[in-house]
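J.: Here it is, the structure in full.
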Amino acid sequence: MTIFQPCNPPQTLPPLAPSRTKTLERLIRILEGNPGQHLAVEGKLGSGRHTLIHHLLAIAPTFKRRHRFTLNTEECVTQLFEANDTSHFFAQLQQFAAKYPRAIILVDNPIFLFEMSDTTEERRVARFLRELAEKHDVRLIFPIDQDTSIRLKHSSIVVRSQCTIVSLEHITHQELQTILTAHAIPDLENVVTAAHRFFPHESTPGSAIRLWKQALQIASQRQEKPELSHAYEYISEQRGIPIEAVGGKTSDQLLTLADDIQAELIG
């Protein structure tokens, strides 16, 4: 089926923190011990959802899941929701599952799959999940945020009952320090503080790493040594705060003012 594409995890993956290793072990237990259950990994942007899932995909052959794919969610939803007759879709689905038993499939944009507008779409999604898992033990794995998690939890019981949600816990301070130190971020405390303050909807270590990567890009363009000021410049560009105020006490007031203005314009 065109909705499935072969998936090859990155050859080099960052090491997992000890607490994330325990979560990985739990994910494997769920996959192997809960017949018919697909897996949703819930966490904020930057929490390490994709890294954890890529580790899972990398070692999947060790627990006899040799076939790894990604799901083209938009194309899947088009075929599943817009067709008057889905018999051809499900016939192809069974052929795929029979050819690749025990496959594991990454669903990168699950929000599209769970945007079900009526009972017909819910029944089709439920059948899609059930036929993959029950007959040929093919499992889907979804990285989801809180909004998608809420949508899934409020879906029909036939959809909800086929998915196990695992929420990522915060890593320890020591684990965070180890991960960020490995990225050779100078002035680490200020970078982490800035990431927390100006990108509160993201989670560390991802937010701090992303901020520093942007700083590196700015410095590279100018052939300069990367410094905290480059990170502040990126924050200034993204949040509309004068760069002189980013590191000062007035930044919180300016940030609140910028958010209030944006809310008024949108509202």
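J.: How many residues does region 157-198 contain that are in a loop (DSSP other than H, G, I, E, B) and either aliphatic (A, V, I, L, M) or touching a residue at least 40 places away in the same chain (Cβ under 8 Å) (or both)?
T.: Of the residues in that region, 9 qualify.
J.: Taking D145, is it among the acidic types (D, E), surrounded by fewer than 18 Cβ atoms within 10 Å (Cβ to Cβ) and in contact with a strand residue (DSSP E or B) (Cβ under 9 Å, 6 or more places away or on another chain)?
T.: The answer is yes for D145.
J.: Then there is this: Suppose we filter E122, E115 for residues that are out of contact with any strand residue (DSSP E or B) (no Cβ under 9 Å at 6 or more places or on another chain) and modelled with pLDDT under 90; which single one remains?
T.: Exactly one residue qualifies, and that residue is E115.
J.: Considering only region 161-176, state which residues are farther than 17 Å from L27 by Cβ and surrounded by 15 or more Cβ atoms within 10 Å (Cβ to Cβ).
T.: Scanning region 161-176 gives E175, L176.
J.: Mind listing whichever residues of region 138-156 are in a loop (DSSP other than H, G, I, E, B) and within 30 Å of A231 (Cα to Cα)?
T.: D145
J.: Further question: Applying the selection to region 207-229, what residues are charged (D, E, K, R) and assigned to a helix (DSSP H, G or I)?
T.: Passing the criteria: R210, K213.
The values are calculated or read from the model by the stated rules, or taken from the named source; none is laboratory data. Owing to the predicted nature of the structure, the values given are computational and were not obtained by experimental measurement. Counting neighbours? That spans all protein chains shown, and the Cβs are built from the backbone with ideal geometry, glycine included.
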